[in-house]
1. Ordering 113, 302 by how much accessible area each has at a 1.4 Å probe, largest first, what is the list?
2. Using only the Cα atoms of segment 186-381, build the gyration tensor, take square roots of its eigenvalues as a ≥ b ≥ c, and label the shape rounded, prolate or oblate: rounded if a/c is under 1.5, else prolate if a/b is larger than b/c, else oblate.
3. For mean projected area of the Cα convex hull in nm², several values are listed as (i) 36.4; (ii) 43.5; (iii) 38.5; flag the one computed from this structure.
4. Pull up the cross-link candidates among the lysines for residue 522, meaning alpha carbon to alpha carbon under 22 Å and not fewer than 8 places away within one chain.
5. Using only protein heavy atoms and a 1.4 Å probe, report how much of residue 291 is accessible, in Å² to the nearest 10.
6. Would you kindly state how much longer the chain becomes between residue 225 and residue 404 on full extension, computed as 0.36 nm times their sequence separation minus their alpha carbon distance, in nm to one decimal?
7. Give the calculated FRET efficiency between residue 523 and residue 205 to the nearest 0.05, with a Förster radius of 51 Å applied to their Cβ-Cβ distance.
8. Give the peptides 401-410, 474-483 in descending order of average Cβ contacts within 10 Å, highest first.
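The values are calculated or read from the model by the stated rules, or taken from the named source; none is laboratory data. Fair warning: this is a prediction, and the values are worked out from it, not measured in the lab. Positions of Cβ are generated from backbone atoms using ideal geometry, with glycine treated the same way; all protein chains shown enter the neighbour counts. To get the accessible areas, we keep the full protein, side chains included, count just its heavy atoms, and leave off ligands, DNA and RNA. Shrake-Rupley method; radii C 1.70, N 1.55, O 1.52, S 1.80 Å.
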Amino acid sequence: MGHLNLPSSKRSSSSSPTRQWKLLDFISAAFFGAVILFFLLIFTPLGDSLAASGRQTLVRSSTTDPRQRNKMVSLIEAGRHSSIETCSVDEVDHMPCEDPRRNSQLSREMNFYRERHCPVPEETPLCLIPPPEGYRVSVNWPESLHKIWHSNMPHNKIADRKGHQGWMKEEGLYFIFPGGGTMFPDGAVSYIEKLGQYIPINGGVLRTALDMGCGVASFGGYMLTEDILTLSFAPRDSHKSQIQFALERGIPAFVAMLGTRRLPFPAYAFDIVHCSRCLIPFTAYNATYFVEVDRLLRPGGYLVISGPPVQWPKQDKEWADLQAVARALCYELIVVDGNTVIWKKPSADSCLSNQNEFGLELCGESDDPSYAWYFKLKNCVTKIPSLKSEHAVGTIPNWPERLIRPPSRVTLMKNGIDVFEADTRRWQRRLSYYKKTLNLKLGTPSVRNVMDMNAFYGGFAAALLSDPVWVMNVVPARKASTLGVIYDRGLIGLYHDWCEPFSTYPRTYDFIHVSSIDSLIKHPGSSKSRCNLVDLMVEIDRILRPEGTVVVRDSPEVLEKVGRIARAIRWTTTVYAKEPESNGREKILVATKKFWNLQSASL
């Protein structure tokens, strides 16, 4: 093609507009690029990703630099920090003390690496755990026993591997729980009915049970129909979320591993200990694990083991050893029915001989069998106490009478009976006031999983008897050991130190109650703090469900501090006067956890 020849004057005059249009093009492109970037940042996941990345940089910086973290804590406590940042989406199921990334580097001996191993606060991100995408307010009890929202825990491994055994299956928007298990594929109901042929399942003789290696806790769920309160536990393992499923269903459960330490319960706590294919090597390490079960089982209580090694192929030696340990401890064999064995623990002192193939001996007089917080397992047999007649199954009052009668362990404490009875009356009065005045959801289907963080004798839980709830009674490890009294009343709970995270998944409690929250972070008998209130409240937020409730009783000064931290955690709060009949300066703070997600948090 030829070129158009223009006069020089024409060519020179046309060059200026050409340069002008190039500049305008650049300016226009930059403007439209900025507009497009703005829309990308605001209305697409890219913006959320970049914002989250920025937030996590701040969170990590507050963790890796202790001075920066301490400064942030001080600002939050003083009310000069607007809000605590959110954790990344990868942390939706995070449990700080059961973190596989941390624990995988530890020893495998006796499953040490699968026990609790908590980071120091300086290594813990100061951020709020978000819910998973699509999270919904949990299905109400008792419907939740049979189905939960799939989106609340989108983990299909158990359904894929165990669906044919009746554990659970995905069905539309839900996970469905038919009530089966590996050792009871026909359902927990028929399995429990079978056990009832040999042990007194109904009638109130049995009340507290421990289900070891519980799966999704269908056994515990259906024992509730017999008024038997079962606390189920399992480790965080390849199934990932079995305890989270149990709690989402409204069944009492927590994360634990029988490894190198005592389980966090007092002696003689449970009327029944149950293992259905829990795969615990009871006779290993000179029968140390069987001895721990014996510590926990009430005199006259029942031990039920279903599955290996009970008459199991190629496990003849393990089965013979299991029977030998039971004989050495004078357990009465009730029945061997297929792959299920039931033993009854003696009500009197053990007949343990000086000579036995496992080298077992009675524990010394200095051993406190109820001390169980980070306490190494002992290979000795716990002596039955002098109050044996009032501890044993069949002599301890039946349920529900045992809830209100002062148990024998109370008499071991100064003015124990008087304090017990006064505490019972106090909490009956307080709960009546709570329900009438504080606008709480107690007594409604919205509240199922309840925790009392400073339980003492369990008076708060006892006063909730008529509500469709169960209560995890936590006795702080550094306070008086009253947990045995709680179990004697037919309630459940465990020891815990609130300067560490709790062994449960996020979003597992509807209602959390704490009296004297400030005492949980103090040295006993001192005003000096062992940890800080910010970390404790962030931990409460982690285990509380969206739209869940927290009730805190403490002095006005402490509640003022709690209120400042609550704003940074995005709780809404109201402070109330205490009930008129109570003495002291206490007030009551009621907080509600807002329902937020990562997208709304970033706006």
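1. Largest accessible area first, the residues go 113, 302.
2. Here segment 186-381 falls in the rounded category.
3. (iii)
4. Filter leaves 71, 479, 561, 587.
5. Rounded to the nearest 10, the figure is 0 Å².
6. Full extension of this stretch gives 62.3 nm more.
7. 0.75
8. 474-483, 401-410
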